[in-house]
Structures are given as structure tokens and as C-alpha cells.
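What follows is a short report on a single structure.
The values are calculated or read from the model by the stated rules, or taken from the named source; none is laboratory data. Since the model is a prediction, treat every value here as computed from it, not as a measurement. Cβ coordinates were reconstructed from backbone atoms using ideal geometry, including for glycine residues, and neighbour counts include every protein chain displayed.
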């Protein structure tokens, strides 16, 4: 009885699989985390209840919040073999309200440079979203465009920082006045968000002129 003949092609395929399995292993290189000093620009834990009062003395409450860091895997592949970094990309703080089924979001975004993975710079932004137009949501973005580590300096340069401001007879100190940007300007949207690093969002002025001020 003749012994089976093993094809050279089969042997070559087995050899390739062996080589790849022996040299290519997915390995965590590093975890790029937020600097704790960056996270201090947001005073919320996510467990707060935010209460605002508008010009008509209506009370708007935001609760059911949370704050969490979301990470992303970024691969480095060379010759078919991949290593990867775990990068903390977003620090999200989220509050929701029955008012127009809306939510408030404070986000710290961690930038990541693959060429210099240890070098990260965080930016801060805000959104106000509501679902009151049919099935479509309307979102106001309050992008600062500023790096967290130079946030105050850049806001001062742009004229968006005030040492004190009066919102409906209440004085607030060290306030950032951030303009809103909405893709649907014909809908209700935020015009200006007032923010304090110590207190968080202290007020929001809307496109209809209504002003929400945080209840003290």
C-alpha cells in the first residue's frame, strides 16, 4: 500500500500558518489615560441633580446622570502582526430631563497622536439635545476648541471669559461664556452657555431669549 503523497502547496500553507501563529501575537503596548488634572475642568461626578429656573419661573430638572470614561483600541500593524494601545478617548458626563426629552452633555475629548502616543491634549465641549421635533433630534453644540491645559488663556484671548457676571440678580465668578452652534437654526437652540470650573453649568440662554439659571 502506497503512502499518501503530501502536496508541496499544502506543506507551504502549513509553514506559513506556523510562522504567523508563532510571531504574530496581539499585545497591549500601553494604556494612554487622561491626566487627572485635565479631568478637574469638569466638577461633576454624574450623580448630581441639576435644577434650572427660567424667565417664567419654570423649574427644569436634569438628573439620571452618569460620568464614565470610554476607551478605544488603536492598532499598530507591521508585517501582519498587530500590537495595540488602549486609549481613553472620551470622558462623558450626561444628564437627562423630561423637558422636551432633552439631555445635557459635558465631554472631555482626549486627542491621540500615534507617532507620539504619550503626548495627549484634551479639549472640552458641551451639547444640549432635545427630541421634540418629530423623530428628529435637535442638538446645540458648544465647542470650545480649546485645549484643557490652556483653556482659560485662550478664552480670555477670545473674549469669552469674565471674572464676574450677573444672571438674573445672581453674581457668578470666573465664568466662560460659550456660544452655541446648531445645524437647525430655525429650531429652539442654545445661544450661550455659562460655565464655571468650580460650579459647572450655571446658565443657558436660548435662541428665543429665555434664560435658565442654576438654582442655588
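The combined condition, being at pLDDT 55 or above, surrounded by 10 or more Cβ atoms within 10 Å (Cβ to Cβ) and part of a loop (DSSP other than H, G, I, E, B), is fulfilled by residue 34.
What is the one condition in (1) at pLDDT below 95; (2) over 21 Å from residue 50 (Cα atoms); (3) over 20 Å from the mean Cα position of the chain (by Cα) that residue 160 does not satisfy? In the conditions (1) at pLDDT below 95; (2) over 21 Å from residue 50 (Cα atoms); (3) over 20 Å from the mean Cα position of the chain (by Cα), residue 160 misses (1) alone.
Give the residue that is surrounded by the most Cβ atoms within 10 Å (Cβ to Cβ), with candidates limited to residues of the stretch 168-202 that are within 23 Å of the chain's Cα centre (by Cα) and at positive phi. Selected residue: 200. Restricting the search to strands (runs of 3 or more DSSP E) fully inside the stretch 153-215 and requiring at least 2 residues that are under 21 Å from residue 93 (Cα atoms) gives 170-179, 190-196, 200-206, 211-214.
In the stretch 113-132, is there at least one residue being closer than 27 Å to residue 179 by Cβ, at pLDDT below 95, part of a loop (DSSP other than H, G, I, E, B) and touching a strand residue (DSSP E or B) at 6+ places or on another chain (Cβ under 7 Å)? Checked against the condition, which is being closer than 27 Å to residue 179 by Cβ, at pLDDT below 95, part of a loop (DSSP other than H, G, I, E, B) and touching a strand residue (DSSP E or B) at 6+ places or on another chain (Cβ under 7 Å), the stretch 113-132 yields at least one hit.
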